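Chemist: Handing you a structure now.
Values in this text are rule-based calculations from the coordinates and carry no lab data. The shown structure was predicted, so the numbers you read here are calculated from the model rather than taken from an experiment. FYI the Cβ positions are ideal-geometry reconstructions off the backbone, even for glycines, and counts take in every protein chain you see.
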Amino acid sequence: MSAVPAAPATDAAPVAGTRTALVLRHDATIHLGNLEPVLHDHGYSVTYVEILSDDLSTIDPTSADLVVVLGGEMGAYEIDRFPALAREITILQDRLAAERPVFGVCLGAQLMANALGARVYPGPTNEIGFRTVEPTSLGATGPLRHVAGVPVLQWHSDTFDLPEGVTRLAGSPQYGNEAFGIGDWALAVQFHPEVTPAMHEVWLRASAAEVTAAGLDPETLRAERDLYAGTMQDASRALFSEWLDGLDR
């Protein structure tokens, strides 16, 4: 997905809370979206780190109560083009080794897989649009159950091998690995549970060439959004809220 230099509407001053959420962001248009109010409801203050421009050497990988890793237009394997990814992967390696809570979305999930030693690579299709994912038997007993049968937004062309020591939680006909977890403290999803209709519109406008190259019609994608975005946001907020509740347990 192509980037545009716009700041998200959700970048207001952090809301005070007793817990801290450190959000690793790769693009100003790819932010927490509808998940940010869920964090606030659970007592988290939110701080964004701009991976491509901030000084990552000052980040303590384990100090925040939660790390959220968002999406981006690059591949997790494009360290030569985006050297900051190397430091980000090290942060995630240290965080995961310490078994501190991490939630990854799309590129974030792929970076988590990389940090756990798995291969990330281009997939067979550039998947853009609302699609269903299928929770595994284990996924259906946890937070992923909220998206069963609910079309969720996909916008990716990369995939990953399942890392050793994780639990596969969801897949789809196009991509076998759509979600994985470790215990109740790490969750990675390749789809985009955070996207609001406003975010989706920004992405469509910024990535018109990509959409066309994929053989897709922007108006068809907008029609999908009108049908599915509300239900998806309800499901994704329920998913994220239940997972945050699990951190308390």
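Chemist: Using modelled backbone amide H atoms (1.01 Å from N, in-plane), which distant-in-sequence or interchain residues come within less than 5 Å of residue 104's amide H?
Modeler: When sequence neighbours closer than 5 places are left aside, the close amide H contacts are 69, 187, 188, 189.
Chemist: Can you give me the P(r) profile for region 19-248? Cα pairs, bins 5 angstrom wide beginning at 0, each as a whole percent.
Modeler: Per 5 Å bin, starting at zero, the Cα-Cα P(r) for region 19-248 comes out as 1, 7, 16, 20, 22, 18, 11, 4, 1, 0 percent.
Chemist: Which value, in Å to one decimal place, does the Kirkwood hydrodynamic radius take for region 208-249 when every pair of different Cα atoms is included? Don't skip to the answer; put the middle values down first.
Modeler: Working: mean 1/r = 0.0802 Å⁻¹.
Computed over region 208-249, the radius equals 12.5 Å.
Chemist: For the pair residue 201 and residue 52, how long in nm is the line joining their label points, each one 7 Å along Cα→Cβ?
Modeler: Going from the residue 201 label point to the residue 52 one covers 2.4 nm.
Chemist: Moving to a separate point now. According to a simple spin-label model (label point 7 Å from Cα along Cα-to-Cβ), what is the distance in nm between residue 185 and residue 148?
Modeler: 2.8
Chemist: For residue 136, project a label point 7 Å along Cα to C-beta. Then give me every residue of region 233-249 with its amide nitrogen under 19 Å of that point.
Modeler: 243, by backbone N distance to the label point.
Chemist: Around residue 106, with a cut-off of 10 angstrom between Cβ atoms, what is the net charge of the other residues, counting Lys and Arg +1 and Asp and Glu -1?
Modeler: With Lys, Arg at +1 and Asp, Glu at -1, the net is -2.
Chemist: Another one. Scale the Cα Rg of region 100-179 by the rule-of-thumb value 2.2 N^0.38 Å and send over the ratio, two decimals.
Modeler: Details: Rg = 12.1 Å, N = 80, 2.2 N^0.38 = 11.6 Å.
Cα Rg divided by the expected 2.2 N^0.38 Å: 1.04.
Chemist: Another question about this same structure. Can you compute the label reach from residue 245? Point 7 Å from Cα along the Cβ direction, backbone N cut-off under 15 Å, restricted to region 196-237.
Modeler: Under cut-off, by backbone N: 235-237.
Chemist: While we're here: Spelling out what I want: for every residue of region 232-249, take phi, set θ = phi - 60°, compute 6.51 cos²θ - 1.76 cosθ + 1.60 (Karplus), and round to whole Hz; glycine and proline get x.
Modeler: Those phi angles translate into 4, 5, 4, 5, 5, 5, 5, 4, 5, 5, 5, 5, 5, 4, x, 5, 5, 6 Hz.
Chemist: Another question, if that's okay. Summing +1 for each Lys or Arg and -1 for each Asp or Glu, what net charge is found among the other residues whose Cβ lies under 15 Å from the Cβ of residue 18? Mind dumping the intermediate values first?
Modeler: Details: positive: 19; negative: 41, 65, 248.
Around residue 18, the charge tally is -2.
Chemist: How big is the charge dipole of the chain about its Cα centre, in debye rounded to the nearest 20, if each Lys and Arg gets +1 on its Cβ and each Asp and Glu gets -1 on its Cβ?
Modeler: 260
Chemist: Right, here's the next one. How much net charge surrounds residue 64 when only other residues with a Cβ under 11 Å from its Cβ are counted (Lys, Arg +1; Asp, Glu -1)? Don't skip to the end; give the middle numbers.
Modeler: Values: positive: 19, 95, 100; negative: 60, 65.
Net local charge, residue 64 excluded: +1.
Chemist: Right, something else. So if I average 1/r over every pair of distinct C-alpha atoms in region 120-249 and take the inverse, what Kirkwood radius in Å does that give? List each step's numbers first, then the result.
Modeler: Details: mean 1/r = 0.0654 Å⁻¹.
Roughly 15.3 Å, rounded to one decimal.
Chemist: Here is a further query. Across region 65-74, in residue order, what do the Karplus-derived ³J(HN,Hα) couplings come to in whole Hz, using 6.51 cos²θ - 1.76 cosθ + 1.60 with θ = phi - 60° and x for Gly and Pro?
Modeler: Couplings: 5, 8, 10, 10, 10, 8, x, x, 7, 8 Hz.
Chemist: So if I take the centroid of the Cα atoms in region 59-82 and the same for region 155-188, what is the distance between those two points in Å?
Modeler: Rounded to whole Å, the Cα centres lie 17 Å apart.
Chemist: Let me ask another. For region 19-133, what D do you get in µm² per second when you plug the Kirkwood radius from alpha-carbon pairs into Stokes-Einstein at 20 °C and 1.002 mPa s? Present the calculation step by step, with values, prior to reporting the outcome.
Modeler: On the way: Rh = 14.7 Å.
Calculated translational D: 146 µm²/s.
Chemist: Quick check on region 19-248: of the DSSP beta bridges with both residues there, what percent are antiparallel, nearest 5%?
Modeler: Percentage antiparallel, nearest 5: 50.
Chemist: Now for a different question. Which value results when the Cα radius of gyration for region 183-243 is divided by 2.2 N^0.38 Å? Numbers along the way, then the final one.
Modeler: Numbers: Rg = 13.9 Å, N = 61, 2.2 N^0.38 = 10.5 Å.
Ratio of Cα Rg to 2.2 N^0.38 Å: 1.32.
Chemist: Further, regarding this structure: For a footprinting-style exposure proxy, rank 248, 158, 27, 54 by other Cβ within 10 Å, fewest first. Walk me through the numbers on the way to the answer.
Modeler: Details: 248 9, 158 21, 27 24, 54 14.
With the fewest neighbours first, 248, 158, 27, 54 line up as 248, 54, 158, 27.
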